[in-house]
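Bear in mind these aren't lab numbers, they're just calculated from the coordinates by the rules spelled out. Please read these numbers as outputs of a predicted model, since none were measured by experiment. Ideal geometry is used to build each Cβ from the backbone, glycine not excepted, and the neighbour counts take in all protein chains shown.
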Amino acid sequence: MHILVGMIMGSTSDWETMSHGAAILDELGIPYEVEVVSAHRTPDKLFTYAEQAESRGIEVIIAGAGGAAHLPGMTAAKTSLPVLGVPVQSKALNGLDSLLSIVQMPAGIPVGTLAIGKAGAINGALLAASILANKYPEIRQRLKAYRTKQTEQVLSHPDPREA
Ligand code: RP5
């Protein structure tokens, strides 16, 4: 299978968060690439990346950024691929700035916005898997197995003191 997911982030400092999503893509056997692409520091690279992603075979983009987080929105503006935005937890405002920057897209250019931080990174990967599952039966199967395992894990540990 060729690379299906492009995971980009505004800074190497975002990797600590985004690596949780990468681990999910690994677990589900989804081929992906990871790259730092900054809307502010490397704007030309962002345009090139977004413009070429579809022709390179990428089917979903996960974009993580913090603070004045323009990366997901600007990426979505330059491609019609689905773009999933992960608000990275910023130091100054705990990620509320990231969340609002990513979620409040004006009508016309959508970004599927996830939760702030680790949960968002994980769910971004799982949502990418759900999108890809429409086309790739093997990904659907692995996603269902992931959910079954998660359910069984919770049901088999009902006593929180023993978790
Ligand atoms: C954003 O600025 C990045 O997405 C990162 O979350 C934030 C801080 O970046 P660094 O100053 O740590 O490189 O562009």
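Counting only Cα atoms, I'd like the Rg/Rh figure for region 92-133, Kirkwood definition for Rh. Write out the running numbers ahead of the final one.
Numbers: Rg = 11.6 Å, Rh = 11.3 Å.
When Rh is taken as the Kirkwood radius, the ratio is 1.03.
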Item to check | Backbone HN-Hα couplings from phi across region 86-97 [Karplus 6.51/-1.76/1.60, Hz, Gly and Pro as x] | outcome: 10, x, 7, 5, 7, 6, 5, 10, 6, x, 5, 4
Checklist outcome for this item: Across 10 Å bins beginning at 0, the whole-percent shares of Cα-Cα pair distances in region 114-163 come to 24, 37, 33, 7, 0
Checklist entry - Mean shadow of region 17-65, computed from the convex hull of its alpha carbons, in nm²? => result 3.6 nm²
Item to check | Rounded to 10°, Cα long-axis angle of helix 118-133 versus longest principal axis of the chain | outcome: 90 degrees
Next on the checklist: I'd like the Karplus ³J(HN,Hα) series for region 53-60: coefficients 6.51, -1.76, 1.60, θ = phi - 60°, whole numbers in Hz, and an x wherever there's a Gly or Pro.
Outcome noted: 4, 5, 5, 7, x, 5, 10, 9
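Tell me, D14, D159, D97 in order of fewest to most beta-carbon neighbours within 10 Å?
D159, D97, D14
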Checklist outcome for this item: Shape call for the chain, from the Cα gyration tensor axes a ≥ b ≥ c (a/c under 1.5 means rounded, otherwise prolate when a/b beats b/c, else oblate), comes out oblate
Checklist entry - How about K144: which lysines have a C-alpha closer than 24 Å to its C-alpha, ignoring those fewer than 8 places off in the same chain? => result K118, K135
Next on the checklist: Between region 112-163 and region 11-57, how far is it from one alpha carbon centroid to the other, in angstrom?
Outcome noted: 20 Å
Next on the checklist: With +1 assigned to the C-beta of every Lys and Arg and -1 to the C-beta of every Asp and Glu, and no other charges, what is the dipole magnitude of region 13-163 about the Cα centre in debye, to the nearest 20?
Outcome noted: 220 debye
Item to check | Using θ = phi - 60° and Karplus 6.51 cos²θ - 1.76 cosθ + 1.60, couplings along region 146-163 (whole Hz; Gly, Pro as x) | outcome: 4, 5, 4, 4, 4, 5, 4, 4, 5, 5, 7, 10, x, 8, x, 6, 9, 5
Checklist entry - Sequence-distant or interchain residues sharing an amide H contact under 5 Å with I62, placed H: which? => result G6, M7, I8, L84
